[in-house]
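Nothing in this text is a laboratory measurement; each read-out follows from the coordinates by a stated rule. Remember, predicted model here, so these are calculated numbers, not experimental data. Backbone-built Cβ (ideal geometry, glycine too); neighbour counts: all protein chains shown.
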Amino acid sequence: MNADVAVVGGGVAGLAVARQCLARGLKPAVIEARDLASGATGRNAGFAMTGLSDPYATLIETFGRAMAREIWVTSQANLRELVDEVAMREQIDCDLRPYGSLVAGWTQDETALLSRSCELLREDGFDVAWCEGTALAERLQSLRYQGAISVAADHGVHPVKLVHGLAQRVKTQGGFVLENHEVRRVEQHSEGVRVHTGRARVDARYAVLCTNAYTRALEPTLGQHVRPMRGQALCLEGVQNPLQTLLYTDDGFEYARPLGHDRVVAGGWRRAFAHDEVGLGDEATDGVQQGIEQWVRESWPQWSAARVSHRWSGAMGFSADGLPLVGVLADRSRVGYAVGFTGHGLGFAFAAARAVMRCLLGEGSAGIFAPRIARV
């Protein structure tokens, strides 16, 4: 098979890259080892949120204020692209819902850090608000949380529908989508690249690796900078008075969102089992699942009659500092990569896709995604 760009990985990042190829008049071939969205994309809770898990004050300490602001600006642009272009203009049905989000404080220290972060965000021109008291309890249907940053622009999305909608667009515009084709190696020669799967060969001008947690198996050197980590979630049915917004708490280690009128998705609790959750395993384990369920029952006792209808998990790819890594391989200038999304694939995939194509075609840098050399 011949294409202009071979995209390795059929998750949201890979399909976002394929979409960028189409916009540039390039024919993509998306190559997925299993089914589309079978990795982290299909195993997450569908949060299209602004920023990173770390509060803004922490981002400033880590990256400096200018970089922290640019991270938020980039994630805002990514969200607007998803809402205005992908869902509305291109009419890709992905159950996009404008829930807004609350990043809520569970403890006094966390609440104080979030309050300071809210002040800093507003100083830097971001449209956020502080929510507490009765207003917070009403939106969350819980009395457990002391205060929260409210971001009205954030959305919930069905990530599998998003990926399948993007894939259908690729196919209707002349591109290729290969499922159940595990890539064995990516070679570069004088005129382009050659991608070998267990069943086929794809010749292209360029290749882009969107392999996230599975990077190490294909490219060990790049994979040293991406740690595979399991995330787990569950779905409750028969929920009375569900929360009305996306919720992040405990630095994003616990999260919940409404799903229809009587269902809630909740996940996290990875911190209590940090060592056990490293790796590519995608089993739902008793300890983490019980922790999620206990957190939910304690935070929303009125949901005691609700039942757990589904439990699942999936492997995510974590970078050392939480930002995706985007660039071009040092030994193959025609092979780009966008990996290490650290649980924020929906928050940065479209921006990262633009960045990797800029790098690959020599149009500019990766910006905030430029690789930081640190093994994880």
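Each Lys or Arg adds one and each Asp or Glu takes one away; over the other residues whose Cβ falls under 10 Å from the Cβ of VAL170, this sums to +4.
Subtracting the Cα-Cα distance from 0.36 nm times the residue separation, let me have the gained length for LEU280 to GLU179 in nm, one decimal.
On the way: separation 101, 0.36 × 101 = 36.36 nm, distance 1.96 nm.
Full-extension gain reported as 34.4 nm.
If you rank MET88, MET1, MET357, MET229 by fewest surrounding Cβ atoms within 10 Å, what's the result? Could the numbers behind the result be given before it?
Working: MET88 11, MET1 14, MET357 24, MET229 21.
Starting with the residue having the fewest Cβ neighbours, the order is MET88, MET1, MET229, MET357.
Based on DSSP H segments of at least four residues, each scored -39500 (n - 2.57), the chain has a per-residue ellipticity at 222 nm of -9000 deg cm²/dmol.
Which net charge results when you count Lys and Arg as +1 and Asp and Glu as -1 among the other residues whose beta-carbon is under 12 Å from that of ASN180? Let's see the in-between values first.
Details: positive: ARG34, ARG199; negative: GLU32, ASP35, GLU179, GLU182.
Around ASN180, the charge tally is -2.
Stretching ARG144 away from GLU119 to a fully extended chain increases their span by 6.7 nm, per 0.36 nm per residue minus the current alpha-carbon distance. If we count every other residue with Cβ under 15 angstrom of GLU110's Cβ, Lys/Arg +1 and Asp/Glu -1, where does the sum land? Taking every other residue near GLU110 into account, the sum is -3. Along the chain, the exposed loop sites are GluC sites (Glu not before Pro) outside DSSP states H, G, I, E and B with at most 11 other Cβ atoms within 10 Å, and the longest stretch free of them is 1-190. Within the listed set ASP54, ASP331, ASP250, the residue fluctuating most in the Gaussian network model of the chain (springs between alpha-carbon atoms under 10 angstrom) is ASP331.
Residue order for HIS310, HIS275, HIS225, fewest other beta carbons within 10 angstrom first, comes to HIS275, HIS310, HIS225.
The residues THR172, THR342, when put in order of fewest to most other Cβ atoms within 10 Å, stand as THR172, THR342.
Restricting to bridges with both residues inside the chain, how much of the DSSP beta-bridge set is antiparallel, in percent to the nearest 5?
Details: 51 of 70 bridges.
Roughly 75 percent of the beta bridges in the chain run antiparallel, per DSSP.
Computed from label points 7 Å out along Cα-Cβ, the spacing between GLN240 and MET1 is 5.2 nm.
Please work out how much length the chain gains when fully extended from HIS196 to LYS171, using 0.36 nm per residue of separation minus the C-alpha to C-alpha distance, in nm with one decimal. Walk me through the intermediate numbers first.
Working: separation 25, 0.36 × 25 = 9.00 nm, distance 2.08 nm.
Working it through step by step, the gained length comes to 6.9 nm.
For Cα pairs less than 8 Å apart in space and 6+ apart in sequence, what is the mean separation divided by the residue count of the chain, i.e. the relative contact order in percent? Relative contact order, the chain: 22 percent.
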